[in-house]
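The values are calculated or read from the model by the stated rules, or taken from the named source; none is laboratory data. Just so it is clear, the structure is predicted and the values come from calculations on it, not from any experiment. Heads up, the Cβs are rebuilt from the backbone with ideal geometry, glycines too, and the neighbour counts pull from every protein chain shown.
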Amino acid sequence: MTEKGGALFGYTDLYGGYDGGQAQYVRVPYADYGPRIVPDHLTDEQVLFLTDIFPTGYSGIDWGEVKGGETVAIFGSGPVGIMAAKSAWLRGAARVVVVDTLQYRLEKAKATAHCETILWDNDAKDVVAQIRDMTGGRGADVCVEAVGFEPDRNLIDRAKAVINLEKGSPKVLEACMSAVRRGGIVSVLGVYPTTYDNFPIGQFFDKGIILKGGQAPAHKHIDTLLNYVAEGKVQLDDIITHRLPLTEVSHAYDIFKRRVDDCVKVVLDPWK
Ligand SMILES: NC(=O)c1ccc[n+]([C@@H]2O[C@H](COP(=O)([O-])OP(=O)(O)OC[C@H]3O[C@@H](n4cnc5c(N)ncnc54)[C@H](O)[C@@H]3O)[C@@H](O)[C@H]2O)c1
């Protein structure tokens, strides 16, 4: 056990060294605590994302204290960002805007989460300006960071990281802090593993930004979210783009990592 004060399945020795679930069989410790009984009328694919990305996306919105009427900007249109967009509607957001560098991912967000979209084409300033334009100059009430420490980066960003001995870049988090309104909430779902120089602490203080984030507390939300699925209030399996057998796991990770073949979410089926 590490000093993290917690353990996660499939997250290497960083969090307890427990294997993940990508196998034909899994031994589940504390089986009276973790698993849930799935109603008979739901298929495996309908509930699959309750184990990670849906509670994660929902946590971003919960940390954002979305109660109804807010403008929510979500950076990252991967599986987590799209789940955050779906969650924002469930919590009564008035507007949901999703930002990404890839048009095909934005198309997926539009089709499955019915949100507005912004293409991060050039630099963060354009995106922030567009969010300000959309909100009468005010900024979004809540910004959700669903990209993490490995955003698309140019050579200068990469060189900066080497000089500062940093892993990746916090540029998307910085954009969230610029795009949020004064007194707004920035909710960080994307993973950041190290410290970063030049973190905009001055902006944090000046705007009175509330910053929350961390590993999503899936158990806190799973029963509520299972009910949403069972009642048909939300659909999750519409983000699946690929269904592959476990024998093709390397190819599956490759297309997801390189974001090719319009890949958004792969389901691995050990019985295929
Ligand atoms: N907090 C948690 O408990 C938790 C749980 C699961 C996943 N995560 C993390 O959430 C993050 C997102 O996960 P995912 O599965 O959706 O990953 P993903 O890599 O599929 O999605 C990230 C998206 O960000 C986009 N992107 C890259 N640079 C960008 C930029 N500059 N501006 C806007 N978008 C940009 C990519 O095109 C991609 O669509 C990852 O860091 C992942 O590790 C956190």
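Which residue, of 109, 129, 85, 140, is touching a strand residue (DSSP E or B) at 6+ places or on another chain (Cβ under 6 Å) and more than 26 Å from residue 229 (Cα to Cα)? First the steps, then the outcome.
On the way: 109 fails: more than 26 Å from residue 229 (Cα to Cα); 129 fails: touching a strand residue (DSSP E or B) at 6+ places or on another chain (Cβ under 6 Å); 85 fails: more than 26 Å from residue 229 (Cα to Cα).
Just one listed residue meets the conditions, 140.
Selection over the stretch 219-272 of residues that are part of a loop (DSSP other than H, G, I, E, B) and either more than 26 Å from residue 100 (Cα to Cα) or touching a residue at least 12 places away in the same chain (Cβ under 8 Å) (or both) gives a count of 17. Looking across the stretch 1-52, just one residue is free of Cβ contacts under 8 Å to residues at least 12 places away in the same chain, part of a helix (DSSP H, G or I) and under 21 Å from residue 221 (Cβ atoms), and that is 44. Every condition in (1) near the ligand (Cβ under 9 Å from one of its atoms); (2) within 27 Å of residue 183 (Cβ to Cβ); (3) crowded, with 24+ Cβ neighbours inside 10 Å; (4) not basic (Lys, Arg) is met by residue 97 except one, and the failing one is (1).
Within the stretch 223-272, being within 16 Å of the ligand (Cβ to nearest atom) and among the acidic types (Asp, Glu) holds for 237, 238, 254, 261, 262. Is it the case that some residue within the stretch 177-193 is among the aromatic types (Phe, Trp, Tyr), closer than 18 Å to residue 124 by Cα, in contact with a Pro (Cβ under 8 Å, 6 or more places away or on another chain) and free of Cβ contacts under 8 Å to residues at least 60 places away in the same chain? No, the conditions are met nowhere in the stretch 177-193.
When the stretch 164-194 is filtered for residues that are modelled with pLDDT under 90, of a type outside the set (A, V, I, L, M, F, W, C) and over 16 Å from residue 146 (Cα atoms), the ones remaining, listed by number, are 164, 166, 167, 194. The set of residues in the stretch 245-272 being touching an Asp or Glu at 6+ places or on another chain (Cβ under 7 Å) and closer than 25 Å to residue 152 by Cβ consists of 255 alone. Any idea how many residues of the stretch 113-133 are in a helix (DSSP H, G or I) and within 13 Å of the ligand (Cβ to nearest atom)? Of the residues in the stretch 113-133, 8 are in a helix (DSSP H, G or I) and within 13 Å of the ligand (Cβ to nearest atom).
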